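**Q** Pasting in a structure now, in structure tokens, and then I'll have a few things to ask.
What follows is calculated from the coordinates using simple rules that are stated; it is not laboratory data. Since the model is a prediction, treat every value here as computed from it, not as a measurement. Here Cβ is always computed from backbone atoms with ideal geometry, including for glycine, and neighbour counts include all displayed protein chains.
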Amino acid sequence: MSGRHAVSRKPRQLRAISYTPTAPHLVGYRCEALATPLDDKRAVVLAVHNARSPRLAARWLQGQAERLARRLDLDPFAPWLHDAPVVLTGDTHSADVLRTWVRDPAKYADAIQKLAAHVSYHLTVTDSDARYSLIAAPVPVRRPPQFPPPAGCIPSPAGAGRRPAAAFVAL
């Protein structure tokens, strides 16, 4: 063994570095539409969406509320029902609550305000068979979305990735 390898070196001093993030804490919003039977045995996920802003999350909740109201309060003469037997119960309270929430701008603004303050928003209605919940909750995001796209890139036709703008000049 040569003398060069036999000499021990001093270990390097570890510097105490405190982590201070340079960017603000990024938050996304997880939105869910759930149906839970009244016996609370299980929850059925009706729809899921990840939104980038409080406004997009509230807009998704509005769309799901309208969609759910249409499903809870069927039009017996709708063409897509054809000759299906429909039993009208007369209980349209939960559908009316959802439609009222969708049409009220103050409720929409309240949802945006709560989500912007990083507080989850819940809207729950109970029907004769189940409890329906629309939920939007803030979740941390690992990296910022790449929006707008970098200079010189446009979305691909399939929407799967990014291609340089020069690739479309030849087309």
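**Q** Which of the peptides 131-139, 108-116 is most tightly packed, and how do the rest follow, judged by the mean count of other Cβ atoms within 10 Å per residue? Walk me through the intermediate numbers first.
**A** On the way: 131-139: 19.1, 108-116: 17.0.
Highest-to-lowest ranking by the protection proxy: 131-139, 108-116.
**Q** Round to the nearest 0.05 the FRET efficiency obtained for residue 96 and residue 116 when R0 = 35 Å and r is the Cβ-Cβ distance.
**A** Numbers: r = 28 Å, r/R0 = 0.81.
That pair, residue 96 with residue 116, gives E of 0.80.
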